[in-house]
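Student: Before I ask anything, here is the structure I am working with.
The values are calculated or read from the model by the stated rules, or taken from the named source; none is laboratory data. Just so we're clear, the structure is a prediction, and the values are computed from it rather than from any experiment. Reconstructed Cβ throughout: ideal geometry from the backbone, glycine too, with neighbour counts over all protein chains shown.
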Amino acid sequence: MGAVADWRRVRRLGRYLVRDRRRLLVALLLLVPLAFAGALQPVLLGQAVSVLRGEPSLPWLSGLSLSESIRVIIGLYFVSVLLRLGLQGVQTFSIQAVGQRLTARIRDDLFEHSLSLSLRFHDRMPVGKLLTRLTSDVDALAEVFASGAVGVLSDLVSLLVLASTMLFIEWRLGLLLLFTQVPVTLAVIWLQRRYRKANYRVREELSQLNADFQENLQGLEVVQMYGRETVNSARFLRTGKDYRSAVNGTIFYDSSISAFLEWVALAAIALVLALGGLMVTNGAMGLGTLTTFILASQRLFDPLRQLAERFTQIQGGLTAVERIGELMEEPLEIAEADGARPHVAGGGGEVIFENVSFAYRPDDPILRNLSFRIAPGEHVALVGPTGSGKSTIIRLLCRLYEPQQGRILLDGRDIRTIPMADLRRELGVVLQDTFLFSGNVADNLRLNAAVSDQELVQVCADLGLNDLLSRLPKGLETELRERGGNLSSGERQLLAVARVAIRNPTVLVMDEATAFMDPSTEATLQADLDRLLQKRTAIVIAHRLATVEASDRILVLRRGELIEQGTHHELRARGGLYAQLAELQERGLARL
C-alpha cells in the first residue's frame, strides 16, 4: 500500500512538470549519447593495448600503422571526453532549472493551501513543523529531482550500455559479472527500506526542532522575564539530541550501503582479474580485450555506487513527498459551497444563530444549542465569564470554524452559502490582539481593499489618526517591523479600527477594541467609533461596564448557553449573573 501511495503522490507531482516538458525532454534525450560516450572510452583504451601488442583490433584500425592507430585512438578519446563533458553540462543545467521551477510551484501551492486550511488544523499544527514542510521538505524534493530521479535513469542507461559492451567483448566474463549484481541489488533494496524509515524520523525530529526554536523566539519576552533560559535550553538540548540520534540512523544505513558496494566491487574485479588472467595465459583472450573488460567493469560499479547514493536521496525525497502529500491532502474544512451565489453588499446586517453547537474537542463543548437574533442596526454586547464562548461566536460568524450543529444566518442567508470573500467583506472585525504585517502603514490599512492614497488620507483624518501619523517618521509610508513592533499597543489598535472603517462593513464586530488604549487615546477615538457604529449592526465583546451600558441589548453567556438577555437596567433589576458581574466590577473585583 505504501508503494501505491508513493506512486500516486509522485504522479500528482508530475503535473508541475508540464510547463517544462521540452527542457525535460532534452535532458532525457541526452542520456543515450552520454552513456555511449562513457562506454566508448574503455573500448578505446583496450584497443590501444591491442594495437601496441599486435593483437587483433577493430576492423577500422587494422589497415593503419601503429602510430596512425594510436593517433586515431587518442583523437577519438579526446573527442569522447569533450562530448561527454559538454552534454553533461547541458543536461545538468536543464535538470537543475526544471527542478527549481518545480519546487517553486509546489511551494506556492503549499503556501496557498496552508492559508486556506481552517484554524482547527493550525491549532494542532505547530508553526515550526509547517515551516519545515514548506522549506526543508520542498528542498529535499528539489534535490531528488535534480540529482536523483533523472540521475537514476542516467545510471540505468549507463548500466545497460556497459553491460551490453562487456557481453559483446567477452560474454562468459560478462555473464559472470552480471550475475553478481543480483544479490547486490537485493541487499541494497533491503538497506534502502530501513533508510526510508530512519529518514522519516529525521524529518519529524527536524520539524520538532524548528517548532521549539520558533516557539521560544516568539515567547522570548516571557522567557527572559521569568528566567526560563536554562530550562528552555535544556528542553531544546533534548530535542537536539533526538534529532542527532535520528540523523545517526540514516548515516549508519547510508555508510553501510557504500561500504557494501565498495567491497563487492573490489571482489568482483579481483574475480575478473583472476579468470581473465587465466584466459589470457591460455590464449583464449588478448590482453587488450582484458584491459577493456576490466575498465568497463570498474565503470559498471560507478553507476551502481551512484544509484545507491541516488536511491538514498530518493528515499529522503519520497519521505518529503509523503509529508508534502499529507499536507496537500489535508481537506479544506471550510470551503466554498456548491452553488454559492454572490451576496448583495450593503444589506441590513441581521445576524441569527439557530441552535448552534460547537466544540474544539469532542469531549469539551464550547457552545450548546445557542440561538439568538440581532436585528439590523442593533448594537449587542456579549458578556460572560472566561470560557463562556464569546470569542468563539465571532470565529463562527467569520467562518474561521464550522459549527457541528445548527446554522448561522446573515440577512436571511446561511453563511455557508455566501462566498467567503463576500461574507468577510460584510464583516468588520477588530480583535483585542491586533496583527500588523511587515511593510508600511498604508499597506496595513489597505490590506486587500482598493483604496486610493487620497481616500486613505481622508479616512485617517476622519478617524483622528493625524496625530499618530505626524509622530511617525514618514507618515503612511513609515515601515513597520514584524507584528508592528515599533508601535505601541494602543497605536496598533488605532490602525486596526481604521482598516475596518476603510471597508465600510455591514456588521461590525469588536473584541475589546479599546483594551490597550490609554484614556486620552480612547477618548479621541470614541467619537469616531460612535460614528462608525451608526446604522450598522454591532457585536461587542467588552469587559468595561461603560461600554456594555451603551449597547441596545446585552447577551449573557455561561458555559456556551444564553442564560440572560436584555438592557443594562433590565438585567441589573433581574439580579442574575449579569447583576453579580456588574456589582463586582463596580467594586473593582471582576471584569464583565
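Student: Does region 404-411 include one or more residues that are out of contact with any helix residue (DSSP H, G or I) (no Cβ under 9 Å at 6 or more places or on another chain), assigned by TED's automatic domain parsing to the domain that holds residue 506 and of a type in the set (S, T, N, Q)?
Tutor: Quick first cut of region 404-411, residues out of contact with any helix residue (DSSP H, G or I) (no Cβ under 9 Å at 6 or more places or on another chain) only: 404-406.
Narrowing the set further to residues that are assigned by TED's automatic domain parsing to the domain that holds residue 506 leaves 404-406.
Of the ones still in play, those that are also of a type in the set (S, T, N, Q) are 404-405.
Yes; the residues of region 404-411 include at least one that is out of contact with any helix residue (DSSP H, G or I) (no Cβ under 9 Å at 6 or more places or on another chain), assigned by TED's automatic domain parsing to the domain that holds residue 506 and of a type in the set (S, T, N, Q).
Student: The conditions are (1) within 14 Å of residue 503 (Cα to Cα); (2) outside any helix (DSSP H, G or I); (3) under 28 Å from the mean Cα position of the chain (by Cα); (4) touching a residue at least 24 places away in the same chain (Cβ under 8 Å), and residue 448 fails exactly one of them. Which is it?
Tutor: Among (1) within 14 Å of residue 503 (Cα to Cα); (2) outside any helix (DSSP H, G or I); (3) under 28 Å from the mean Cα position of the chain (by Cα); (4) touching a residue at least 24 places away in the same chain (Cβ under 8 Å), the lone unmet condition for residue 448 is (4).
Student: Filter region 170-187 for residues that are free of Cβ contacts under 8 Å to residues at least 40 places away in the same chain, hydrophobic (A, V, I, L, M, F, W, C) and over 17 Å from residue 261 (Cα atoms) and give the result.
Tutor: Of everything in region 170-187, those that are free of Cβ contacts under 8 Å to residues at least 40 places away in the same chain, hydrophobic (A, V, I, L, M, F, W, C) and over 17 Å from residue 261 (Cα atoms) turn out to be 171, 175.
Student: Just to be sure I understand the filter: pairs with C-beta atoms under 7 Å, separated by 6 or more residues or on different chains, first member in region 386-401 and farther than 16 Å from residue 424 by Cα, second member part of a loop (DSSP other than H, G, I, E, B) and among the charged types (D, E, K, R). Which pairs pass?
Tutor: From residues that are farther than 16 Å from residue 424 by Cα, the pairs are 388/559.
Student: Quick one: residue 36 ticks every box in (1) within 30 Å of residue 286 (Cβ to Cβ); (2) exposed (fewer than 15 other Cβ atoms within 10 Å of the Cβ) bar one, so which box is it?
Tutor: (2)
Student: For residue 243, are the conditions met, namely being within 27 Å of the chain's Cα centre (by Cα) and in a helix (DSSP H, G or I)?
Tutor: Details: within 27 Å of the chain's Cα centre (by Cα): yes; in a helix (DSSP H, G or I): yes.
Criteria met by residue 243.
Student: Something else: Filter region 24-76 for residues that are of a type in the set (Ser, Thr, Tyr) and modelled with pLDDT under 75 and give the result.
Tutor: Of region 24-76, the ones of a type in the set (Ser, Thr, Tyr) are 50, 57, 62, 65, 67, 69.
57, 62, listed by residue number.
Student: Further question on the same structure: Can you go through 153, 167, 159 and tell me which one is crowded, with 17+ Cβ neighbours inside 10 Å, farther than 26 Å from residue 214 by Cβ and assigned by TED's automatic domain parsing to the domain that holds residue 41? It would help to see each step written out before you state the result.
Tutor: Values: 153 fails: crowded, with 17+ Cβ neighbours inside 10 Å; 167 fails: crowded, with 17+ Cβ neighbours inside 10 Å.
Criteria check complete, one pass: 159.
Every residue, every condition in (1) more than 14 Å from residue 131 (Cα to Cα); (2) surrounded by 11 or more Cβ atoms within 10 Å (Cβ to Cβ), yes or no:
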| residue | (1), (2) |
| --- | --- |
| 207 | no, yes |
| 230 | yes, no |
| 235 | yes, yes |
| 246 | yes, yes |
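Student: For region 278-324, give me each residue that is modelled with pLDDT of 75 or more and either under 21 Å from residue 142 (Cα atoms) or under 32 Å from the mean Cα position of the chain (by Cα) (or both).
Tutor: 320, 321, 322, 323, 324, listed by residue number.
Student: Just give me the residues in region 361-397 being of a type in the set (Val, Ile, Thr), over 17 Å from residue 351 (Cα atoms) and not in a strand (DSSP E or B), in sequence order. Spell out the reasoning first.
Tutor: Pass one, region 361-397, residues of a type in the set (Val, Ile, Thr): 366, 374, 380, 383, 386, 392-394.
Checking which are over 17 Å from residue 351 (Cα atoms) leaves us with 366, 383, 386.
Within region 361-397, 386 is the sole residue that qualifies.
Student: Restricting attention to region 398-406, does a residue exist that is outside any loop (DSSP other than H, G, I, E, B) and within 22 Å of residue 538 (Cβ to Cβ)?
Tutor: The initial filter retains those residues of region 398-406 that are outside any loop (DSSP other than H, G, I, E, B), namely 405-406.
Adding the requirement that they be within 22 Å of residue 538 (Cβ to Cβ) leaves none.
Looking for residues that are outside any loop (DSSP other than H, G, I, E, B) and within 22 Å of residue 538 (Cβ to Cβ), one finds none in region 398-406, hence no.
Student: Has region 516-525 got any residue that is surrounded by 18 or more Cβ atoms within 10 Å (Cβ to Cβ), closer than 26 Å to residue 458 by Cα and at pLDDT 75 or above?
Tutor: No, region 516-525 contains no residue that is surrounded by 18 or more Cβ atoms within 10 Å (Cβ to Cβ), closer than 26 Å to residue 458 by Cα and at pLDDT 75 or above.
Student: Could I ask something else about it? Confirm whether residue 97 is farther than 26 Å from residue 299 by Cα and in contact (Cβ under 8 Å) with a residue 40 or more places away in the chain.
Tutor: On the way: farther than 26 Å from residue 299 by Cα: yes; in contact (Cβ under 8 Å) with a residue 40 or more places away in the chain: yes.
Yes, satisfied.
Student: Residue under question is residue 7, and the condition is that it be within 23 Å of the chain's Cα centre (by Cα) and either in a helix (DSSP H, G or I) or at pLDDT 80 or above (or both); does it hold? Talk me through it step by step, then tell me what you get.
Tutor: Values: within 23 Å of the chain's Cα centre (by Cα): yes; either in a helix (DSSP H, G or I) or at pLDDT 80 or above (or both): yes.
When the stated conditions are applied, residue 7 passes them.
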